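Visitor: Structure provided below as structure tokens; questions to follow.
The values are calculated or read from the model by the stated rules, or taken from the named source; none is laboratory data. The structure presented is a predicted model; accordingly, all values stated were derived computationally and were not measured. When we count neighbours, we look across all protein chains shown, and the Cβ atoms used for this are built from the backbone with ideal geometry, even at glycine.
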Amino acid sequence: MLNALTLKKEIELKRVMQTWWPLAASWLLMAMEIPALSAVIARLANPEINLAAYGGIVFPVALIVESPIIMLLSASTALSKDLVSYRKLFTFMMATGALMTVIHILIAFTPAYYFVARQLIGLPEKVVEPGRLGLMLITPWTWSIAYRRFQQGVLIRFGHADAVGAGTVIRLASGGAILIAGYVIGSFPGVAVGAVAQAVGVMCEAAYSGMRVRPVVRYEMPERVPDVPWRWKRFASFYTPLAMTSLLGLLWQPMGSAALSRMPDPIISLAVWPVVSGLISIFRSAGFALNEVVVALLDEAGSYRNIRRFVLALAGIVTLIQLATLVTPVAQTWFSGVSALPPDLASYAKSAFWLAIPMAGLTVFQSWFQGTIVNGRKTRAIPEATALFVIVYVLVALFGIILEPAPGLYVGMVGFVLANAAQAAWLGIRSKNILAAVRRRDEA
């Protein structure tokens, strides 16, 4: 009896690992994208201006526009259980992707851009026009992200998480080809090379995801009527909090650019921020991957204990690895060698990275709690936590703008860490009852 229980536990823990590692590999590869872009931009003409343009407006605005569709991955993983639900979600994805693309075009190609860049974000004037060029060139990004995240949710739901990693490899390979070409030619602005690389990469990944999901939909997805009849009102009550979470969660990016633009050393801070945040994302990637694992597996009996064990181990491991990167020459080599930052900017970057030590572990717990909440269909708690994140970040940013205690890069990093800690704490509080119910289920 004891041997059977032990074997069952080992199999379940192995199942968690098997579901997690392809997603973690995908997130890790995606996290490598921004450092690769920054490294190429830093080696082309006017690196500070082009890095500031990309990190100050192109990427933040693109993320804000796409924010309503980012949670399609979680929604598709949770809801695409049958053909009826899949078709309904597909319609929603295509309509929302089209609408967000129109909004992107209106911002990038009309005078509205100058209001966003100058009045809202407060970019230094040298950065304004390069930023507009990059925002124009990255236009296909939003719809492509919507399409591939929706299809990837289906692949995860039906046990094909490895296809997500393969799609990421295709994305990086195609985007990397653009980066290499731009570097070799050398005459294009760095912000343009980066924007085209990201747009082309995600378009190729979306095309692969669409092809890869076809046999799954045709042969594996049941055609039965959903156990709970599909209602758009019910879906709206489920998805709206998720969309609001994305919007609030990404709102800090342009807000951060606006804050850095108004604190000491704005161009340096805007130029170094994407390099530091890119490295932070690499360490957070293991935690990001956990969200869909929890959504997909927490329904299964006996899952609580093994997922919890996995969470605790993962949080400790990624934190230790991040710390080891700082106390060895790896971080300095990354900022000076790989990212090609000048010595003074590399020093800024390493100091800011010290402030981000808690981020990798915090992300693991955020995904554990958030995945639990999505699995329990109590999604209102997620935008609550994200709103708390924004409030904390804004308070720290205002402190930095008014008192100017340090360069904006450092103030922004402190605000980012404190905001994430507050968000994780609230998610933990709001997921407590759901986790207790799951634990009682497994004990029974």
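Visitor: With respect to A53, determine if the residue is aliphatic (A, V, I, L, M) and either over 21 Å from the mean Cα position of the chain (by Cα) or more than 20 Å from P140 (Cβ to Cβ) (or both).
Guide: Details: aliphatic (A, V, I, L, M): yes; either over 21 Å from the mean Cα position of the chain (by Cα) or more than 20 Å from P140 (Cβ to Cβ) (or both): no.
No.
Visitor: Another question, if that's okay. Return the only residue of V417, V396, V438 being more than 30 Å from D299 (Cα to Cα), in contact (Cβ under 8 Å) with a residue 24 or more places away in the chain and buried (at least 17 other Cβ atoms within 10 Å of the Cβ).
Guide: On the way: V396 fails: in contact (Cβ under 8 Å) with a residue 24 or more places away in the chain; V438 fails: more than 30 Å from D299 (Cα to Cα).
Of V417, V396, V438, the one residue that is more than 30 Å from D299 (Cα to Cα), in contact (Cβ under 8 Å) with a residue 24 or more places away in the chain and buried (at least 17 other Cβ atoms within 10 Å of the Cβ) is V417.
Visitor: Just wondering, is there one or more residues in the stretch 210-233 that are under 30 Å from R43 (Cα atoms) and surrounded by 20 or more Cβ atoms within 10 Å (Cβ to Cβ)? Give the steps one after another, and end with the answer.
Guide: From the stretch 210-233, those under 30 Å from R43 (Cα atoms) are none; that's our starting set.
Within the stretch 210-233, not a single residue is under 30 Å from R43 (Cα atoms) and surrounded by 20 or more Cβ atoms within 10 Å (Cβ to Cβ).
Conditions (1) under 19 Å from the mean Cα position of the chain (by Cα); (2) of a type in the set (F, W, Y), marked per residue:
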position	(1), (2)
G287	yes, no
N291	yes, no
D299	no, no
Y304	no, yes
R309	no, no
T319	yes, no
L323	no, no
Q332	no, no
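Visitor: Here is a follow-up. Among what's in the stretch 177-227 and is acidic (D, E) and in a loop (DSSP other than H, G, I, E, B), pick the residue that is nearest to Q152 (Cα to Cα). Spell out how you get there, then give the answer.
Guide: Going through the stretch 177-227, the residues acidic (D, E) turn out to be 205, 220, 223, 227.
With in a loop (DSSP other than H, G, I, E, B) added as a condition, the list becomes 223, 227.
Values: E223: 19, D227: 23 Å.
This residue is E223.
Visitor: Another one. Give the residue, chosen from A324, A360, A271, A315, that is in contact with a Gly (Cβ under 8 Å, 6 or more places away or on another chain) and without any contact (Cβ under 8 Å) to a residue 60 or more places away in the chain.
Guide: Details: A324 fails: in contact with a Gly (Cβ under 8 Å, 6 or more places away or on another chain); A360 fails: without any contact (Cβ under 8 Å) to a residue 60 or more places away in the chain; A271 fails: without any contact (Cβ under 8 Å) to a residue 60 or more places away in the chain.
Result of the check over A324, A360, A271, A315: A315.
Visitor: Taking the stretch 69-81 on its own, how many of its residues are more than 13 Å from the chain's Cα centre (by Cα) and either assigned to a helix (DSSP H, G or I) or of a type in the set (S, T, Y) (or both)? Can you show your working first?
Guide: Of the residues in the stretch 69-81, the ones more than 13 Å from the chain's Cα centre (by Cα) are 75-81.
Still in the running and either assigned to a helix (DSSP H, G or I) or of a type in the set (S, T, Y) (or both): 75-80.
Number satisfying all stated conditions: 6.
Visitor: Hey, among the residues in the stretch 339-380 that are β-branched (V, I, T) and assigned to a helix (DSSP H, G or I), which one's surrounded by the fewest Cβ atoms within 10 Å (Cβ to Cβ)? Break it down into steps so the answer makes sense when it comes.
Guide: Filtering the stretch 339-380 for residues β-branched (V, I, T) gives 357, 363-364, 372-374, 379.
Then keep just the ones that are assigned to a helix (DSSP H, G or I); that gives 363-364, 372-374.
On the way: T363: 26, V364: 26, T372: 26, I373: 23, V374: 28.
It comes out as I373.
For every residue, the table says whether it meets (1) assigned to a helix (DSSP H, G or I); (2) surrounded by fewer than 19 Cβ atoms within 10 Å (Cβ to Cβ); (3) of a type outside the set (V, I, T).
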site	(1), (2), (3)
T91	yes, yes, no
Y114	yes, yes, yes
E129	yes, yes, yes
Y147	yes, no, yes
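Visitor: Residues of the stretch 401-428 being closer than 13 Å to D265 by Cβ, part of a helix (DSSP H, G or I) and not β-branched (V, I, T), which ones?
Guide: The answer is G408, L409, Y410, G412.
Visitor: Let me ask something else. Might you check whether a residue that is aliphatic (A, V, I, L, M), at pLDDT 90 or above, part of a helix (DSSP H, G or I) and under 24 Å from I121 (Cβ atoms) occurs anywhere in the stretch 310-330?
Guide: The answer is no; no qualifying residue exists.
Listed here are the residues, each with its yes/no results for (1) in a loop (DSSP other than H, G, I, E, B); (2) surrounded by fewer than 20 Cβ atoms within 10 Å (Cβ to Cβ); (3) aromatic (F, W, Y).
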residue: L250; (1), (2), (3): no, no, no
residue: F283; (1), (2), (3): no, no, yes
residue: D299; (1), (2), (3): yes, yes, no
residue: T333; (1), (2), (3): no, yes, no
residue: G337; (1), (2), (3): no, yes, no
